[in-house]
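Input: a single structure, listed below in structure tokens.
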Amino acid sequence: MSTDGALDFLRFANIQKSYDQKTMVVKDFSLDVAKGEFLTLLGPSGSGKTTVLMMMAGFESVTHGEILLDGHPITRTAPYKRNIGMVFQNYALFPHMSIAENLAYPLKVRKLAKADIAQKVEKFLQLIELEDFAGRMPAQLSGGQRQRVALARALIFSPSLVLMDEPLGALDKKLREQMQLEIMRLHKKLGFTVIYVTHDQTEALTMSDRIAVFNDGVVQQCAAPEVLYEQPANAFVADFIGENNFVPGKIVGLDEGMVRIEIAGGEEIIAMHSDCDVIGTKCRVSIRPEKMFILPSEHTFANKITVKFLARLYVGDYIRYFFELPDKTEVVVKVLNDHEAPKFGEGDEAHLISRRKDCFAFAVT
Amino acid sequence: MQKFPAYYTIWHKLGVYALKYTAWLVLFFLIVPIVVIIPLSFNAEPYFTFTRGMVTLDPAAYSTRWYDAVVTNPNWMLAIKNSFIIGFFATIVATVLGTLAAVGLSSQYMPYKRVIMALMLSPMIVPSIIVAAGMFFFFTKFGLAGSFVGLVIAHAALGVPFVIITVTATLSGFDRSLYHAGLSMGASPLKTFFDVVMPLIRPGVISGAMFAFVTSFDEVVVVLFLAGPGQRTIPRQMFSGLREQINPTILAVATLLILVSVAFLITLEFLRRRSERLRGLEDHG
Ligand SMILES: Nc1ncnc2c1ncn2[C@@H]1O[C@H](COP(=O)(O)OP(=O)(O)OP(=O)(O)O)[C@@H](O)[C@H]1O
Ligand SMILES: [Mg+2]
């Protein structure tokens, strides 16, 4: 993390937003963003990510709550006085201005001297490696080039905060990956704070210092990518980020800060827990497919479950095994494709094992 | 002989020919009354018909006497001057107000959009005699009847709907995020409007202005009601000319009007294309 300043450089204090005075699109959004941090808002479509970004930029009003930038409330500041850079999904380059004019615009607005403007534009054109395109019109650039210009235009006036709403959504996969690296490079080099919106979790996991998983108008969990992936705070996060098996069960005991869960077939799993620890209540245990291992023969390890083999799917670099529990719950296991990958016949019994700290019990809602 | 696809029956072919000749016929009837005016305006005789001499292209049958009549007649000269003055100011007023209205009506926060839009477009839909009569009674109360200001206001009101329609059409293709982009870079809403929105909707504004000018230029009903003797416009003068002294002077004026309109259209089309190109919509290859 390249954070070097205040930990609450940008603060959302209990933000609420309603478009129609009836339904709350954003219910209670509270979050602190550190200076220089790359924070991603990740959430399913319609979860309110764009709405939050628009409130930050000032294009939408805040129904309730306060946004503080560097300690100053900005909720009632006009958008053009906020000094926040913005990158739009559709680039939003001014079609009637050349690339150089587009880059110069925010500087012209700030009434910089002509020579300074020219010099800065030159520098940023170099930064995005489009020196030879200064005189071109946006329509004459490819999608990736346009987005690079949009990026440079949002950064050229040195805003301390830059908002990006799915900036790579319109690009193909290869270009996306290139641009991800490009954005990360610029972020490292220039040290601005980024709020990045995406619904592509791979993008979020690879680029961010922290990810705020957003759903139902609330932040479900805000943490570093590893933490989010390895210690999901609730069932939504566990399900939304990556792939997960959900095994239903019942809490039968507490064990050194963990819970003991009896699953179908009578076996027990010991798991981490956050929102359920009452003996006798129902819960679901989430275990990632790559955190389960197939035992070569029967052992009496803890956290072992006995399943029936269903099918095997050859993917290439790994193999997916499909098993089922006595109650027909499907369990997927991912095994790296090496020579040890086991073989089963349909209906064969198999034994799976997982570490306690990779199993998470969540309350059934 | 036209090439038809092999599967065409005789009826297909007849249909194609029928369509083709009907189209030519319609075009003919649209254009000829306009085109025929031009040679007739050079008639040496005070008739609205081609003389034997004109048909045989005898130079003596042609003259510019009706043009001289226009130029030397103070009534005509006044009418021409009035038409341009009223048209010019009415166009400016209509363009500014119509553009502002269109921008406001395209805002997502504007309430009662449809009702307001319908009201503003009504001068275009309501029969002009009703508009004219209404304006006459209304403007008289304010002493605006029989004045240039009154005519400019009246013609501006008639031109506004055209501007609203053309500007709204260009705005509907306008990407709101461009406006947001301008604001995010620190430009005030007004500056963003002039730097970003205006250049991009200019083709619509120009077309609207053109329609507004033409509307004022050939408007006769409102002028009949509102204009005093000092504010006679070209159509008004033609109207009385038709009743009082039937001679080809009118045709000379009409020819001049046609030339002005064509020049006007070409200029504006040129401007429109240029700003369309500036908009970056054209492919530069
Ligand atoms: N201008 C608006 N007026 C009314 N409702 C709106 C408006 N903009 C968004 N909404 C509603 O607010 C909710 C959140 O929308 P938002 O655009 O913030 O979602 P999002 O997380 O950005 O989704 P996506 O990933 O699809 O872009 C949606 O239910 C949407 O219908
Ligand atoms: Mg969105």
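At-a-glance table
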| read-out | value |
| --- | --- |
| Yes/no for A:Thr40 being within 16 Å of ligand 2 (Cβ to nearest atom), among the β-branched types (Val, Ile, Thr) and over 23 Å from B:Leu178 (Cβ atoms) | yes |
| Filtered residue count, segment A:25-51, keeping only those that are near ligand 1 (Cβ under 10 Å from one of its atoms) and either touching a residue at least 60 places away in the same chain (Cβ under 8 Å) or surrounded by 16 or more Cβ atoms within 10 Å (Cβ to Cβ) (or both) | 12 |
| Pairs with Cβ under 7 Å, 6+ apart, first in segment A:102-131 and in contact (Cβ under 8 Å) with a residue 40 or more places away in the chain and open to solvent by less than 10 Å² (accessible area, probe 1.4 Å), second of a type in the set (Gly, Ala, Ser) and in a helix (DSSP H, G or I) | A:Leu103/A:Ala152; A:Ile128/A:Ala152 |
| The listed residue being within 16 Å of ligand 1 (Cβ to nearest atom), β-branched (Val, Ile, Thr) and open to solvent by 10 Å² or more (accessible area, probe 1.4 Å), out of A:Val227, A:Val218 | A:Val218 |
| Meets criteria (within 16 Å of ligand 1 (Cβ to nearest atom), out of contact with any helix residue (DSSP H, G or I) (no Cβ under 6 Å at 6 or more places or on another chain) and at negative phi) for A:Lys22 | yes |
| Within segment B:1-28, considering residues that are outside any loop (DSSP other than H, G, I, E, B) and either among the β-branched types (Val, Ile, Thr) or closer than 20 Å to B:Val262 by Cβ (or both), the one nearest to the chain's Cα centre (by Cα) | B:Leu27 |
| Residues of segment A:20-47 satisfying the condition of being acidic (Asp, Glu) and not in a loop (DSSP other than H, G, I, E, B) | A:Asp28, A:Asp32 |
| Selection from segment A:167-183 of residues that are touching a residue at least 40 places away in the same chain (Cβ under 8 Å) and farther than 23 Å from A:Tyr105 by Cα | A:Gly169, A:Ala170 |
| Residue that is within 16 Å of ligand 2 (Cβ to nearest atom) and open to solvent by less than 70 Å² (accessible area, probe 1.4 Å), where the choices are A:Tyr91, A:Tyr80, A:Tyr19 | A:Tyr91 |
| Exclusive hit being on the phi < 0 side of the Ramachandran plot and within 14 Å of chain B (Cβ to nearest Cβ), set A:Glu131, A:Glu101 | A:Glu101 |
| When residues of segment B:258-285 are limited to those that are modelled with pLDDT of 80 or more and either touching a helix residue (DSSP H, G or I) at 6+ places or on another chain (Cβ under 6 Å) or open to solvent by less than 20 Å² (accessible area, probe 1.4 Å) (or both), the one farthest from the other protein chains (Cβ to nearest Cβ) | B:Leu268 |
| Filtered residues of segment A:193-222 (kept if part of a helix (DSSP H, G or I) and either touching a strand residue (DSSP E or B) at 6+ places or on another chain (Cβ under 9 Å) or modelled with pLDDT of 95 or more (or both)) | A:Gln201, A:Glu203, A:Ala204, A:Leu205, A:Met207 |
| Among residues of segment A:152-179, those that are under 22 Å from the mean Cα position of the chain (by Cα) and β-branched (Val, Ile, Thr), counted | 1 |
| Single unsatisfied condition, B:Thr255 versus (1) outside any loop (DSSP other than H, G, I, E, B); (2) in contact with a helix residue (DSSP H, G or I) (Cβ under 9 Å, 6 or more places away or on another chain); (3) within 14 Å of chain A (Cβ to nearest Cβ) | (3) |
| Qualifying positions in segment B:152-191 - facing chain A (nearest Cβ under 8 Å), buried (at least 23 other Cβ atoms within 10 Å of the Cβ) and of a type in the set (S, T, N, Q) | B:Ser184 |
| Residue satisfying all of: in segment A:137-151; within 12 Å of chain B (Cβ to nearest Cβ) and touching a residue at least 12 places away in the same chain (Cβ under 8 Å); nearest to the chain's Cα centre (by Cα) among these | A:Ala150 |
| Yes/no for A:Gln140 being surrounded by 15 or more Cβ atoms within 10 Å (Cβ to Cβ), away from ligand 2 (no atom under 16 Å from the Cβ), among the polar types (S, T, N, Q) and over 21 Å from A:Leu107 (Cβ atoms) | yes |
| Filter result (open to solvent by 40 Å² or more (accessible area, probe 1.4 Å) and modelled with pLDDT of 90 or more) within segment A:146-176 | A:Arg146, A:Arg148, A:Ser158 |
| Qualifying position, being touching a Leu at 6+ places or on another chain (Cβ under 8 Å), within 14 Å of chain B (Cβ to nearest Cβ) and not in a loop (DSSP other than H, G, I, E, B), among A:Leu163, A:Leu175, A:Leu186, A:Leu125 | A:Leu163 |
| Matching residues in segment A:48-77 - criterion: being in a loop (DSSP other than H, G, I, E, B), within 14 Å of chain B (Cβ to nearest Cβ) and within 16 Å of ligand 2 (Cβ to nearest atom) | A:Phe59, A:Glu60 |
| Lone unmet requirement of (1) within 14 Å of chain B (Cβ to nearest Cβ); (2) within 21 Å of A:Val33 (Cα to Cα) for A:Pro106 | (2) |
| Cross-chain or 6+ apart pairs with Cβ under 9 Å, segment A:63-77 first and closer than 20 Å to A:Gln21 by Cβ, then open to solvent by 60 Å² or more (accessible area, probe 1.4 Å) and in a loop (DSSP other than H, G, I, E, B) | A:Thr63/A:Tyr19; A:Thr63/A:Gln21; A:Thr75/A:Ser61 |
| All positions within segment B:160-215 that are in a helix (DSSP H, G or I) and at positive phi | none |
| Any hit, segment A:197-211, residues being hydrophobic (A, V, I, L, M, F, W, C), within 21 Å of A:Lys35 (Cα to Cα), away from ligand 1 (no atom under 16 Å from the Cβ) and surrounded by fewer than 17 Cβ atoms within 10 Å (Cβ to Cβ) | no |
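This table checks each residue for (1) within 15 Å of ligand 2 (Cβ to nearest atom); (2) among the polar types (S, T, N, Q).
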position: A:Arg146; (1), (2): no, no
position: A:Ser160; (1), (2): no, yes
position: A:Leu171; (1), (2): no, no
position: A:Glu182; (1), (2): no, no
position: A:His187; (1), (2): no, no
position: A:Tyr196; (1), (2): yes, no
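The values are calculated or read from the model by the stated rules, or taken from the named source; none is laboratory data. Computed from a predicted model, the values in this text were never measured in an experiment. Backbone-built Cβ (ideal geometry, glycine too); neighbour counts: all protein chains shown. Keep in mind that these areas ignore ligands, DNA and RNA; they rest on the heavy atoms of the full protein, side chains included. Shrake-Rupley method; radii C 1.70, N 1.55, O 1.52, S 1.80 Å.
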